[in-house]
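Enquirer: Below are the structure tokens for one structure; questions will follow.
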Amino acid sequence: MRVLVTGGAGYIGSHACKALAAAGHQPITYDNFAGGHRWAVRYGPLEEGDVGHQDRLAEVFAAHRPEAVMHFAALISVGESVESPETYYRTNLAGAINVLAASRAAGVERFVFSSTGTIHGQPTSMPIVETMPMAPISPYARSKAMVEQILIDLAQASGMAIASLRYFNACGADPEGELGEAHSPETHLIPLVLAAARDRSPLTLNGDDYPTPDGTCVRDYIHVSDLALAHVLALNALTPGHGLRAYNLGVGRGLSVKQIIDAARTVTGAPIAVRLGPRRPGDAPAMWADPTRARNELGFRPEHSSLETIVETAWRWMSDPPNYARAAE
């Protein structure tokens with residue numbers, strides 16, 4: 001299939017483009033490069049544009065006639081969303097509406113949406129299952145939850161087959177070394193830990209008094225290549241009239257911040273100095289997924305998501321000088 005990938009030059013979007021190409025599909029990247037990178041567009045044609053520009057979207061749909069859409073383009077920082085909620089609703093909500101409208105006008109029948117496990121807020125029990133109520137606590141998470149509600153209505157109105165993929169903590173880098181994480185500023189734990197190892201700089205630990213086994217936050221970490229494969233599996237499973245189906249994308253286990261730091265010390269051989277900082281507002285003590293639905297319905301079985309593989313692939317990417325330079329582009 002020809003698949004339009006909005007945000008295809010970003011971290012997860014570029015890995016998804018690689019997975020699509022490997023599966024015999026043609027990914028068409030649509031990106032404004034606000035957060036993505038030109039060096040990450042390697043597996044199909046590029047169309048530069050913004051999801052806020054309806055006319056440009058219409059041009060691209062007319063030129064390539066995609067049979068499916070994967071929508072990644074979004075802003076992703078929880079803290080930034082609290083400070084600038086209007087920006088997040090404009091990009092994440094209004095942008096998604098524009099892409100959906102263009103998709104429907106072009107007769108696209110398959111749509112894969114990049115969502116988040118944080119739409120459930122701070123659940124009182126673990127693991128998180130897809131049927132738990134949505135209770136988002138940040139503008140970022142609320143923007144994703146709002147899009148999911150729109151997707152339900154659109155699936156009913158149009159017959160479009162839609163998969164909403166709720167990520168937990170994406171991490172790691174392409175095992176073949178072609179792609180990796182390069183955010184600016186970086187807010188994700190594993191690249192921050194590895195940057196501290198590489199640069200011999202102290203890492204700030206945001207709280208060590210949570211009600212968890214070692215006092216630090218616990219999260220479900222899934223390798224980005226496994227996440228990308230799940231998008232291909234979801235796309236292949238979609239059939240017209242399918243409606244909307246949501247899937248948790250995690251591995252079903254929780255790892256603490258201290259466990260991540262210890263693994264990074266082992267992989268890098270660096271001591272990694274840690275200084276204690278305050279808790280971040282809104283951080284839940286522990287969150288991990290129940291991935292049963294994705295396993296049973298999509299055949300999703302992560303292959304790269306051991307802690308050692310996650311840290312090793314991320315370290316190989318980050319410690320390579322050319323990649324280190326490209327990450328700043």
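Enquirer: Can you list the trypsin sites (Lys or Arg not before Pro) in the stretch 192-251 that are in a DSSP coil and have 16 or fewer other beta carbons within 10 angstrom? Before the final figure, lay out the partial values.
Expert: On the way: sites: Arg198, Arg200, Arg219, Arg245; in loops: Arg200.
When the trypsin sites (Lys or Arg not before Pro) of the stretch 192-251 are filtered for loop state and at most 16 Cβ neighbours within 10 Å, Arg200 remain.
Enquirer: Please identify the trypsin sites (Lys or Arg not before Pro) of the stretch 24-133 that satisfy two criteria: DSSP loop assignment and at most 15 other Cβ atoms within 10 Å. Which are they? Spell out each step's value before the answer.
Expert: Working: sites: Arg38, Arg42, Arg56, Arg90, Arg104, Arg110; in loops: Arg42.
In loop regions of the stretch 24-133 (DSSP not H, G, I, E or B), there are no sparsely surrounded trypsin sites (Lys or Arg not before Pro).
Enquirer: Where does the chain land at 222 nm, in deg cm²/dmol rounded to the nearest 500, when only DSSP H runs of n ≥ 4 count, each adding -39500 (n - 2.57), divided by all residues? Working shown, then result.
Expert: On the way: 12 runs with 127 residues, N = 329.
-11500 deg cm²/dmol, from helical runs alone.
Enquirer: Return the long-range amide H neighbours of Leu203 (sequence gap of 5 or more, or a different chain), with a cut-off of under 5 Å between placed amide H atoms.
Expert: Close amide H contacts, sequence-distant or interchain: Ala273, Val274, Arg275.
Enquirer: Once neighbouring chains are kept in place and the probe is 1.4 Å, which whole percent of the accessible area of the stretch 84-129 is contributed by carbon and sulfur? Don't skip to the answer; put the middle values down first.
Expert: Details: 940 of 1790 Å².
Its accessible area is 53 percent carbon and sulfur atoms.
Enquirer: Also, I was wondering about something else. To the nearest 0.05, what FRET efficiency results for Gln122 and Asp153 with a Förster distance of 22 Å applied to their C-beta separation? Can you show the working numbers first?
Expert: Working: r = 27 Å, r/R0 = 1.22.
Calculated value: 0.25.
Enquirer: In degrees from 0 to 90, rounded to the nearest 10, what is the angle of the helix 224-237 Cα long axis to the longest principal axis of the chain?
Expert: Between helix and principal axis, roughly 30 degrees.
Enquirer: For the chain, give me the percentage of DSSP beta bridges that are antiparallel, rounded to the nearest 5 percent. Numbers along the way, then the final one.
Expert: Numbers: 2 of 40 bridges.
Antiparallel: roughly 5 percent of the beta bridges in the chain.
Enquirer: Met1 to Arg200: FRET efficiency via 1/(1 + (r/R0)^6), r the Cβ-Cβ distance, R0 51 Å, to the nearest 0.05?
Expert: Details: r = 47 Å, r/R0 = 0.92.
Using R0 = 51 Å, I get an efficiency of 0.60.
Enquirer: Let me ask you something else. Starting at the first residue of the stretch 248-260, write each ³J(HN,Hα) from the Karplus equation 6.51 cos²θ - 1.76 cosθ + 1.60 with θ = phi - 60°, in whole Hz, x for Gly and Pro.
Expert: With the stated coefficients, the stretch 248-260 comes to 6, 10, x, 10, x, 9, x, 10, 8, 4, 5, 5, 5 Hz.
Enquirer: Can I ask one more? Taking only protein heavy atoms into account and a 1.4 Å probe, give the accessible area per residue of the chain in Å².
Expert: Working: 13830 Å² over 329 residues.
On a per-residue basis, 42 Å².
Enquirer: For a quick check: with amide H placed at 1.01 Å from N, whose amide H comes under 5 Å from Ser305's, ignoring anything fewer than 5 positions away on the same chain?
Expert: HN-HN under 5 Å from Ser305: His223.
Enquirer: Take Glu59 and Thr292, extend 7 Å from each Cα along the Cα→Cβ direction, and tell me the distance between the two endpoints in nm.
Expert: 5.0
Enquirer: Taking all protein chains as present, what is the carbon and sulfur share of the accessible area of the stretch 246-329, in % to the nearest whole number, probe 1.4 Å?
Expert: Working: 2230 of 4290 Å².
So the carbon and sulfur contribution to the accessible surface is 52 percent.
Enquirer: Also, quick follow-up: Which cross-chain or sequence-distant (5 or more) residues have an amide H under 5 Å from the amide H of Phe300, H modelled 1.01 Å from N in plane?
Expert: Residues meeting the criterion, in which the H sits 1.01 Å from N, are Arg295.
Enquirer: While we're here: With θ taken as phi - 60° and the coefficients 6.51, -1.76 and 1.60, list the Karplus ³J(HN,Hα) couplings across the stretch 183-188 in order, rounded to whole Hz; mark glycine and proline as x.
Expert: 9, 9, x, 7, 10, 7
Enquirer: If Lys and Arg each add +1 and Asp and Glu each add -1, what is the summed charge of the other residues whose beta carbon sits under 10 Å from the beta carbon of Pro175?
Expert: My count for the surroundings of Pro175 gives -4.
Enquirer: By the scheme Lys and Arg +1, Asp and Glu -1, what is the net charge of all other residues having a beta-carbon under 11 Å from that of Gly79? Kindly include the intermediate steps, with their values, before the conclusion.
Expert: On the way: positive: Arg280; negative: Glu80, Glu83, Asp283.
Local net charge: -2.
The values are calculated or read from the model by the stated rules, or taken from the named source; none is laboratory data. If you're wondering where the values come from, they're calculated on a predicted model, not measured in any experiment. FYI the Cβ positions are ideal-geometry reconstructions off the backbone, even for glycines, and counts take in every protein chain you see. Ligands, DNA and RNA are stripped out before the accessible areas are found, and what is left, the full protein with its side chains, is counted by its heavy atoms. Shrake-Rupley method; radii C 1.70, N 1.55, O 1.52, S 1.80 Å.
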